[in-house]
Amino acid sequence: MIFIGIHTLLVVGLNLLMGYAGQISLGHAAFFGLGAYTSGILTATYKLSPWPAMVMAVVLTVVVALMVGVPALKLTGYYLAMATLGFGIIVYICFKELVWLTGGPSGLVGIPRLSIGNMVLDEPRTYFYLVWGITLGAIAVSLNIVDSRVGRALRAIHDSEPAARASGIYTARLKIWVFVVSAIYASVAGSLYAHFITFISPSSFDFMFSIKLVTMVVVGGMASIWGAVFGAATLTMLPEVLAVFHDFDIVIFGLILMVVMISMPQGLTRGALDLWEKYRLRRGIAAGSLTGG
């Protein structure tokens, strides 16, 4: 459940960017990794307290997100996807090759647990409460965003950016803003992950993890906060259910993505609701015909 909470935090942020603003990102594992490695290095190597380290991780992530987002978000569609993919690969290579800083392929060890006062959160139950407290707070913030003028502007950009620009929406500024917000969510999730596992390695933040995040967004339902929660929960538990196919997990994720995009392009949550409405309508028609007969 802790990993479900961490992945939910990640996917809710990514859904704001992809589902509501319509901006594709294939490099969000990089922001997740930046949060994890910044917190890990500052606490394990430089002995900084974990909470200030998490704040500094967010600050660094915001700076990097601005450096990447300002030029990249001038692109659209597949070009934006390729730009974010390239960014994710560059960050992954840095994690792997900067052995003196990150530990390289062997990973970074000795990351301390988070604590509140004198209480160290070394029990799964207490960490569960912390993770889900932060995640539910992020969900509440996201729901407020999508129900606000900003949310309506994001949907306008998603539907037609030229039309949104013509209506007076500062599309470039808003796209950068939502990109940074989604990166902050990923950074916090990465810090929570690092301080729970207490060991991180580059393999946790590779391109395949970015694909899994995109799959979670699509499966749960684009432009649906609660769909993001469902997608994250479902696809986090799936590898445990299909542990025997561990070597083919990315193939399974790809197949799931294909099937959902073909049969339920709005995601499983909206697809299930549509099927339920059709079922109710058919029942109503059948009951009416029987009554009339």
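The values are calculated or read from the model by the stated rules, or taken from the named source; none is laboratory data. Since this is a predicted model, take the numbers as computed values, not measurements. Cβ coordinates were reconstructed from backbone atoms using ideal geometry, including for glycine residues, and neighbour counts include every protein chain displayed.
Overview of results
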item	result
Tally, over the stretch 192-223, of residues that are more than 22 Å from PRO239 (Cβ to Cβ), under 14 Å from the mean Cα position of the chain (by Cα) and crowded, with 21+ Cβ neighbours inside 10 Å	1
TYR79 being without any contact (Cβ under 8 Å) to a residue 12 or more places away in the chain, within 21 Å of LEU9 (Cβ to Cβ) and assigned to a helix (DSSP H, G or I)	no
Pairs with Cβ under 6 Å, 6+ apart, first in the stretch 250-262 and under 16 Å from GLU240 (Cα atoms), second among the β-branched types (Val, Ile, Thr)	PHE253/THR215
Unmet requirement for GLN23, which otherwise passes all of (1) crowded, with 24+ Cβ neighbours inside 10 Å; (2) modelled with pLDDT of 95 or more	(2)
Members of the stretch 159-188 that are assigned to a helix (DSSP H, G or I) and over 18 Å from the mean Cα position of the chain (by Cα)	ASP159, GLU161, PRO162, ALA163, ALA164, ARG165, ALA166, THR171, ALA172, ARG173, LEU174
Identity of the residue in the stretch 98-115, closer than 25 Å to LEU26 by Cα and under 25 Å from the mean Cα position of the chain (by Cα), that ends up surrounded by the fewest Cβ atoms within 10 Å (Cβ to Cβ)	PRO105
Set THR84, THR8: member being more than 14 Å from VAL180 (Cα to Cα) and touching a residue at least 24 places away in the same chain (Cβ under 8 Å)	THR8
Checklist (1) closer than 22 Å to TYR185 by Cα; (2) surrounded by 15 or more Cβ atoms within 10 Å (Cβ to Cβ) applied to VAL70, failing item	(2)
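Residue-by-condition table, conditions (1) out of contact with any Asp or Glu (no Cβ under 6 Å at 6 or more places or on another chain); (2) over 22 Å from PRO202 (Cβ atoms); (3) among the hydroxyl-bearing types (Ser, Thr, Tyr):
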residue	(1), (2), (3)
GLY13	yes, no, no
GLY35	yes, no, no
ALA44	yes, no, no
THR61	yes, no, yes
VAL64	yes, no, no
TYR92	no, no, yes
LYS96	yes, no, no
